[in-house]
1. Kindly identify segment 125-190 as rounded, prolate or oblate by the Cα gyration tensor criterion: order the square roots of the eigenvalues as a ≥ b ≥ c, call it rounded if a/c is under 1.5, otherwise compare a/b with b/c, prolate if a/b is larger, else oblate.
2. For segment 113-430, treating each Cα as an identical point scatterer without solvent, what Debye log10 I(q)/I(0) comes out at q = 0.09, 0.11, 0.14 1/Å?
3. Could you pull the accessible area for Cys69 with a 1.4 Å probe, rounded to 10 Å²?
4. Scan the chain and note any complete DSSP helix (H) whose C-alpha atoms cover at least 15 Å along its axis and whose Kyte-Doolittle average is -1.0 or more.
5. Could you list the trypsin sites (Lys or Arg not before Pro) in segment 312-374 that lie in coil according to DSSP, counting only those with at most 14 other Cβ atoms within 10 Å of their Cβ?
6. What's the longest bit of the chain with no exposed GluC sites (Glu not before Pro), using DSSP loop states and at most 14 other Cβ atoms within 10 Å as the test?
7. How much length is gained on full extension from Ser181 to Asn287, taking 0.36 nm per residue of separation minus their Cα-Cα distance?
8. At 1.4 Å probe size, with every protein chain present, just tell me what the per residue accessible area of segment 113-430 comes to in Å².
Amino acid sequence: MFRSLVTHGLAFFLLLTGPAARAVDEELPNESASNLSTLGRKPDWSELEKYQATITHDEFVHLLNDVYCSRGYNPELIKIEPDAARILTATGTQNYVVLHFAKSEADRLPLTQWWTAPSALSAPGGAGPLAGFHIALDPGHLGGTWAKMEERWFKIGEAPPVQEGDMTLRVAQLLAPRLESLGARVSFVRDKPEPITPYRPSDFEATARQFLEHAGIANPRESFDGPADPEKEHTVGWQRELLFYRNSEIRRRASLVNFRLQPDLVLALHFNAEPWGDSNHPTLTPNNHLHLLVNGAYLPPELELDDERFEMLQKLLSRAFPEELALAETIAGTMAKRTGLPPYHYKTENVTPVGTSGYVYARNLMATRLYRCPTVYLEPYVMNSRAVFVRVKAGDYEGTRRVAGKIRPSIYREYVDGVVDGLLAYFKKTRPL
Ligand SMILES: [Zn+2]
């Protein structure tokens with residue numbers, strides 16, 4: 001799980017609908033073009049109007065300082081006054097939108113959005129504890145024949161290759177019927193080892209070139225020598241693949257979530273890894289751990305991009321955070337119990353720990369940012385740890401077996417059990433009876 005690069009100086013719209021939709025690399029006039037992330041869309045700031053007077057000054061400031069802009073921000077971008085926040089709509093201009101605060105908690109206007117928190121559902125009756133709740137499962141990455149390209153592939157000896165995108169899909173396929181049996185409605189953001197974006201790396205040739213040009217890489221190399229090539233980020237070949245399998249794919253998943261599925265919750269399913277070096281002779285590590293991510297901790301340069309600033313505000317104002325945090329903390333507890341894994345400690349500066357469990361961090365990942373409903377991103381197990389590799393090699397099985405020195409369920413079913421336990425515990429705590 002790595003963050004995609006952001007760039008300045010490019011603006012490309014990805015048309016999201018229509019059977020003949022293609023990537024349109026339409027360069028905008030400089031003043032706005034310079035302020036969007038790659039493939040980002042120019043924000044429609046009028047979409048924030050529905051949040052007028054829905055949040056108090058104190059709650060806004062708390063969410064800004066402690067969750068979303070916890071790594072600091074340029075005060076010219078968001079000016080906080082006693083009654084309102086002034087938000088710059090386009091970097092380099094003096095254009096602001098004004099968001100008025102509610103005078104008090106009692107004066108807050110109600111939020112209107114598609115998702116419902118369990119605490120706001122009616123009693124489930126006899127239809128199962130999760131009845132009336134819609135969960136979208138987002139199995140991370142692509143898997144299948146794409147696993148090598150997306151660098152979620154390694155192979156040890158004669159064992160079948162380890163492909164994260166196939167493992168996450170297997171978890172989703174096991175998890176769905178369990179959730180349905182508890183009354184939930186379940187959708188898949190991806191249900192096969194294929195991308196949902198219709199684009200391919202060749203569609204991003206020009207975008208990749210312009211990205212490198214704006215990043216100051218003159219005369220970039222065309223191709224790269226595999227995933228271990230230290231200069232791969234400076235090649236057209238690697239960048240256009242990244243634009244396809246990460247940027248375009250996640251944006252397409254977000255449009256599916258936001259405009260078609262409109263679930264109450266997205267569970268982004270991943271397995272973690274530590275750097276493994278040569279994917280044909282990967283380094284195995286004794287480390288194994290668990291963490292969960294929610295959206296937040298935007299970096300100051302990310303907030304300078306008009307689309308990311310807009311998406312941050314939309315996320316903040318939707319009040320997804322309290323829901324995401326409470327749910328992530330509960331699932332962290334049940335997954336820790338099922339897996340026995342300790343929390344992961346980040347060594348980088350791009351996260352902020354949130355909650356009290358020690359397992360949950362705020363981080364600005366594209367998926368957690370773009371999905372406009374509560375989204376919990378799961379990162380259990382280090383795939384290239386010795387113990388996990390043995391369990392992956394053992395595959396899925398029913399019941400328990402002795403694997404890696406212990407009697408236990410398959411790694412996939414243990415993952416599913418941890419998630420199901422967490423959801424059940426959360427609904428028990430918060431849903432009216
Ligand atoms: Zn992943």
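The values are calculated or read from the model by the stated rules, or taken from the named source; none is laboratory data. The shown structure was predicted, so the numbers you read here are calculated from the model rather than taken from an experiment. Backbone-built Cβ (ideal geometry, glycine too); neighbour counts: all protein chains shown. Note: areas computed on protein heavy atoms with side chains; ligands, DNA, RNA excluded. Shrake-Rupley method; radii C 1.70, N 1.55, O 1.52, S 1.80 Å.
1. Numbers: a/c = 5.71, a/b = 2.76, b/c = 2.07.
In terms of gyration-tensor shape, prolate.
2. -0.47, -0.72, -1.18
3. The accessible area of Cys69 comes to roughly 10 Å².
4. On the way: long enough: 164-181 (26 Å, -0.09); 306-318 (18 Å, -0.82); 320-339 (27 Å, 0.14); 411-430 (29 Å, 0.05).
Membrane-span-like by this rule: 164-181, 306-318, 320-339, 411-430.
5. Values: sites: Lys315, Arg319, Lys337, Arg338, Lys347, Arg363, Arg369, Arg372; in loops: Arg319, Lys347, Arg372.
Those satisfying the criteria are Lys347.
6. On the way: sites that count: Glu26, Glu27, Glu76, Glu158, Glu222, Glu231, Glu349, Glu398.
Between exposed loop sites, the widest span is 232-348.
7. The span from Ser181 to Asn287 would gain 34.7 nm if fully extended.
8. Details: 12030 Å² over 318 residues.
Here the per-residue accessible area is 38 Å².
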